[in-house]
Amino acid sequence: MAFLRRKEMEARATRLMESYGFSLDVREPLNRFSVAMQQIVAICRAIDLSAKVLILDEPTASLDTQEVEMLFTLMRQLRDQGVSLIFVTHFLDQVYEVSDRITVLRNGGFVGCRETRELPQIELVKMMLGRELETNALQRAGRTLLSEKPIAAFKDYGKKGTIAPFNLEVRPGEIVGLAGLLGSGRTETAEVIFGIKPADTGTALIKRQTPGAAFAASGLQPRDRLLPGRSQNRRDYCRGLRA
């Protein structure tokens, strides 16, 4: 009968992570760490298994700027150690920041492969589209949204100890962006708006109704789509929506 040498495994995992500049408690369940750290652990695990080629499929899709740089630092370390990396992404700036060569695919077919330093971004876009980019095309102006009545209105809305009271209006057909640095409360604001974390200050009207009645027709795509995004029952969510 074989037994796990847990202490030996933990020591080996700790040395592996520290060798790439990451300090974490390897005894903790992986789902307690950020998505970025989960990806880094997966990469380090592959390296520990002597992988020489790593294929990273959209690894930065749900990461913020600081987490992207943390991942890129690891990728550069691996490159310098002779590991080959295939970085699949649609973020052009990131392609130019970390890659040596760029391969373009379109409609499932190979278009071309060029040295990154020799490929202007406008040329890359042309290869991706299969045509010249029309930079001077005129577009008709959309309707004036300010004349529309808000479909959602939040006044002095917030949660003590989490989100300071804020005012926000959203009109039909309007895209409203919430931007901020890491730790500024972006995710928490979205959760308070959606009702996962019930607000304890201010008022909210969705389609002129209180949130409990109106949020049934709303949806939230969370930052970490793997765990909260796959919840099969909405009991906890609905509890929050009754606020």
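The values are calculated or read from the model by the stated rules, or taken from the named source; none is laboratory data. On a predicted model such as this, the values are computed, not experimentally measured, just so you know. Using ideal geometry, Cβ is built from the backbone for each residue, glycine included, and neighbour counts are taken over all protein chains shown.
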## Note on the structure
Those residues of segment 45-74 which are farther than 23 Å from Phe91 by Cβ and of a type in the set (A, V, I, L, M, F, W, C) amount to Ile47, Leu49, Ala51
### Task
Go over the candidates Glu188, Glu169 one by one and state the one that is outside any loop (DSSP other than H, G, I, E, B), at pLDDT 65 or above, under 21 Å from Glu67 (Cα atoms) and in contact with a strand residue (DSSP E or B) (Cβ under 8 Å, 6 or more places away or on another chain).
Glu188
### Task
Answer with yes or no whether Pro228 is surrounded by 14 or more Cβ atoms within 10 Å (Cβ to Cβ), modelled with pLDDT under 65 and closer than 29 Å to Ala36 by Cα.
yes
